[in-house]
Structure formats: C-alpha cells, structure tokens
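Presented below is the structure to which this report refers.
The values are calculated or read from the model by the stated rules, or taken from the named source; none is laboratory data. Not measured: the values here are computed from a predicted model. Counting neighbours? That spans all protein chains shown, and the Cβs are built from the backbone with ideal geometry, glycine included. SASA here: full protein model, heavy atoms, side chains in, ligands and nucleic acids out. Shrake-Rupley method; radii C 1.70, N 1.55, O 1.52, S 1.80 Å.
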Amino acid sequence: GTAQIGVTGLAVMGRNLARNFARNGFRVAVHNRTTAKTDALIEEFGGEGDFVAAHTPEEFVAALERPRRLMVMVKAGDPTDAVIREFVPLLEAGDVVIDGGNAHFEDTRRRERELREHGIHFVGVGISGGEEGALEGPSIMPGGSKESYASLGPMLERIAARAQDGTPCTTHIGPDGAGHFVKMVHNGIEYADMQLIAEAYDLLRSVAGYSPARIAETFRGWNTGRLDSYLIEITAEVLAHTDAATGKPFVDVVQDRAEQKGTGRWTVQTALDLGVPVSGIAEAVFARSLSGHADLREAARTLPGPTASVLGEAEAAAFADRVEQALYASKVVSYAQGFHQIRAGGEAYGWDIDLGGVASIWRAGCIIRAAFLDRIRAAYDSRPGLVSLLLDPRFARETGTAQDDWRAVVAEAARQGVPTPGFAAALAYYDGLRAGRLPAALTQGQRDFFGAHTYRRTDREGSFHTLWGGDRSEVPAG
Ligand code: 6PG
C-alpha cells in the first residue's frame, strides 16, 4: 500500500481528521463499517486531496504503507476494543495503531500493553478542538512509545493548530496513557473554565442587573485583556444570540440542566485516587450534577434565603470590574490544580511530562485555548520544578492584587444568595495553601480520639496516641 495514514471510523471527527491529513498533502486511506459513509466522504470531499477508499478491513490494511499507521476514530470503550480486535490479526510488528477518541487513560494503558505483546505500537491521542478543530487544526496530545512518535509526530505536527509563534500544538506527552491523561485533565479544566464563566454571568445578571446582550458586551471587553480566550469569545456569542421563535435571549429559552459525557468526572475521580485537591474542577462537575436534579431543585425552591437585588448603575460597573478580578484569579487556581494533577499523574505512572510543553500545545486549537496559556508555558519553561502555578512570581502578584475584589465578590454572592461554588472553592484553595496552620490538626485529634489513628507532633519525631478513654496520657504509637 501507499497511504501514509488510514482513518477508520468516519463520523464527524474521523472524517474531519482524514480531510485534514489529506489537505496537508498526505495520502489517506479511509474506512468505515458502513461503507456508505466512506463513499459519501469521497463523493463530497474527494477533491480535497489524495484519498484511498477501502470497503473492508483487509482492503484498508492493504492500502497502507509499512509500517502502517492506522487511526481508530470510533466511540470510546467497547467499540474501540472491538475495532482493535478486528484489526490486530491483520497487522504486523512495527505497525502503529492510533486511538484518537476520548478514551480513559487506564484503557489506553491496557491496550498499549496488549498490543505491545504483538509488537504493535499503540498510541493514545487526545484531540481537542471539536469538529472545526479536527478539520482546521486541533491541539493533539499523543501518548505512546518514542519510536512511534518518531514516525507519527511529523504528520501530527502538520495537521495540528499552530500557536501564534508558529509552534505546532502537538508534542510527545509521554508513554502509554500519558496523552489521554492530559486530554482528560484538559477537559476537567474546560469544565472549570465554563463554570467560572457561568458564575460571572450569573452575578452580572442578577447582582449587576445586566441584560444578556450587555453581558455579551462586557465579555467582549474582557476578551481584549488577560482573559482573552476561546471560551470567553463563544460565551459572548451565545449571550448575544436571540431565539428566533420567541424573540427572547437564547440563554433564557434553554433548559438549565447541564449535561456531560464523563471526562470531567474522570478527572475528579482520578484526582481523588492520586490525592490531588482539584476542588475547582470538582465543583464544576458537581454544579452540572446539581443542575440536573430537576425534582430536587423543584422541591427545594421553598427553602428560605435572599433574592439577589440589583445594584445601581455606578455600583454595577464597579462590581463588574470586581467580577473580572474574581474570574481571573479563580481561573489561575483551576489551572494550578489541573497542572498539579498532571504532575502527580506523571509521577505516579512514570511519564515524565513537560508541563511547559503541555501549556504550549494548549495555546491554540483546543477548547481551553487562551492568551494566558503562553504565560503558563513561560512559567514552567523558566522553572520546570515550579511546585504550583500560583507560586510563579507573575501569577502570585496577580492573584495577590485580585484578592480583595475576589473576596468581595464571594462575600457579596453569599450575602445575596447567588451560588458561586467555583469562585468560592478557588478562594478557599488559595487561602488553604497560604494558611500557616490548618485545622487539620484538630481532625487528627478527632481521629485519634475515636479510632486511635495516631498523630504526629510539631515538636518531636514519631507517631503518638493519647489514651482518651483513660488518664489521657500520651503513648508512642506502633
Ligand atoms: C474538546 C472537548 C471535547 C468534547 C467534550 C465535551 O476538547 O474538543 O472537550 O472533547 O466537546 O467531550 O464534554 P462534555 O459533553 O462532557 O461537556
């Protein structure tokens, strides 16, 4: 065969990636279980580049140059395993199987192990940017052997988005599940970003009294500053949109129940296992969950509490500025938590992930792309051992400056009964980190009291237990 890459699974993401490869001058073999999809792609987009249509797995494999590069773009989970099972007998040692779906990184680790036994490289690739990104240039997070990246990397670099300085938004993240892990955390941060923006909107609407159109204008303004990002940009678009059927703001005719496909949940589940406090991301997942409990919310509407009251015009403008500060500081916290999780995952799984590199490839193409990521890249590039993004001198200065407004916004939200779990959790994390002493000492005392779980002292080495039920003397433990 002569095709440099094959794509099997031609739903919208697979189809657009295949077209992206073809548009960039690669010969692309395309395959789909239902052959009509393959024919439709050729019919509609065949003119965009050099496609080879394959109607059977055998034809598909035969169309590929060796070592073969075969990209699987089917649903995550069982469908991916089924396709792999189907193709493995047709492949040979040295071939590269690429999973471009939103797979769980543990599945990717398992598949990599299984295929390695056949001498086949399995590359789990996180791809962000939605349908448009897949076609025009996504952010690509590949995990797999160094060897496989040597043959695949240059192709991915051609189809990936480019940061403003021209750097392609893809890099070898690390072995086996590293790419899908980083994509998972990307999605967790995506959830947090979206939740924080939603809270800012809620405050501007119910406390500042702004209309959706005016909030769209406010976000457009913010988008010219340090909050410059894709998510702020599309938020303004959504808020400015008017529903054709009713003439009402679009946002007012949409049911307020947020859905999720699960990647944000995975981020939090994994963070719990790793022991990393990603409280902002967790609150974002829980906020979606709470919104979905329609019956519970309906029943609880009788609970007493304030109804937000609208500020006067002059106060409203000052309040909006404070919300910008709170949003920015909370965003820095989300990224600090996400990058902490990536570092911890890298250590737990032996991946050796370059955090500056991750920030670099998120600068364009992906859903969380933002001007701000270039500064995160710079922070980790200049200090690879940086313990927390919050400790980078520039981010420390900015959150320090923002904190008065941040506190005022969280306090005002609490006073007026506007739920801001994201802002509040981010602020609590910030204060938790800076606290000299945490009440965790008391927690330890309680644990020792009811379960003899022992504690450590501030003034001496070793573990101790107090005889709470006896004379309350202290004994060394174990
Ligand atoms: C991306 C997105 C993409 C997808 C999510 C949405 O990076 O391109 O994250 O992966 O839009 O699956 O997730 P939810 O449906 O869970 O909101």
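Of note:
- Within the range 220-307, the GluC sites (Glu not before Pro) that combine a DSSP coil assignment with at most 15 other C-beta atoms in a 10 angstrom radius are 259.
- Computed over the range 250-305, the quotient of the alpha carbon radius of gyration and 2.2 N^0.38 Å is 1.39.
- Whole-number Å³ per residue for the convex hull built on Cα positions in the chain: 200
- Taking 7 Å steps out from each Cα toward its Cβ at residue 39 and residue 381 produces label points 5.1 nm apart.
- Ordering 176, 352, 252 by accessible surface, largest first, gives 352, 252, 176; the 1.4 Å probe counts only protein heavy atoms, with every chain in place.
- Ranking of 261, 37 by solvent-accessible surface, largest first: 261, 37 (1.4 Å probe, protein heavy atoms only, all chains present).
- Kirkwood Rh and Cα Rg combined as Rg/Rh, the range 208-346: 1.00
- At q = 0.09, 0.15 Å⁻¹, base-10 log of I(q)/I(0) for the range 178-284 (Debye sum, equal scatterers on each alpha carbon): -0.29, -0.73
- Normalised by residue count, the range 356-432 yields a Cα convex hull volume of 104 Å³ per residue.
- If you take the Cα centroid of the range 254-333 and the Cα centroid of the range 361-434, the two points sit 16 Å apart.
- Its residues counted as N, the range 267-394 yields a C-alpha radius of gyration over 2.2 N^0.38 Å of 1.35.
- Helical runs assigned H by DSSP (4 residues or longer) give the chain a calculated mean residue ellipticity at 222 nm of -17500 deg cm²/dmol, each run adding -39500 (n - 2.57) before division by the residue total.
- For the set 28, 74, solvent exposure ranked by accessible area (probe 1.4 Å, protein chains only) runs largest to smallest as 74, 28.
- Mean sequence separation of contacting Cα pairs (under 8 Å, at least six apart), scaled by the length of the range 362-478, corresponds to a relative contact order of 9 percent.
- Label zone at residue 274 (point 7 Å along Cα-to-Cβ), backbone N below 20 Å, the range 398-440: 426, 429-430, 433
- Cβ-derived FRET efficiency at R0 25 Å, residue 347 paired with residue 459, nearest 0.05: 0.20
- Annotation: the range 1-95 has a Kirkwood hydrodynamic radius of 13.0 angstrom, from the mean reciprocal C-alpha pair distance.
- With kT/(6 pi eta Rh) evaluated at 37 °C and eta = 0.692 mPa s, and Rh the Kirkwood radius from Cα pairs, the range 115-222 diffuses with a coefficient of 202 µm²/s according to Stokes-Einstein.
- Rg to Rh, two decimals, where the range 47-145 supplies the alpha carbon set and Rh follows Kirkwood: 0.96
- Gain in span if fully extended, residue 440 to residue 295, counting 0.36 nm per residue against the direct Cα distance: 48.6 nm
- Calculated on the Cα set of the range 268-339, radius of gyration then Dmax: 16.9, 48 Å.
- Across the chain, C-alpha contacts under 8 Å between residues 6 or more apart give a mean separation that, scaled by the residue count, equals a relative contact order of 13 percent.
- Once divided by 2.2 N^0.38 Å, the Cα radius of gyration of the range 309-378 becomes 1.53.
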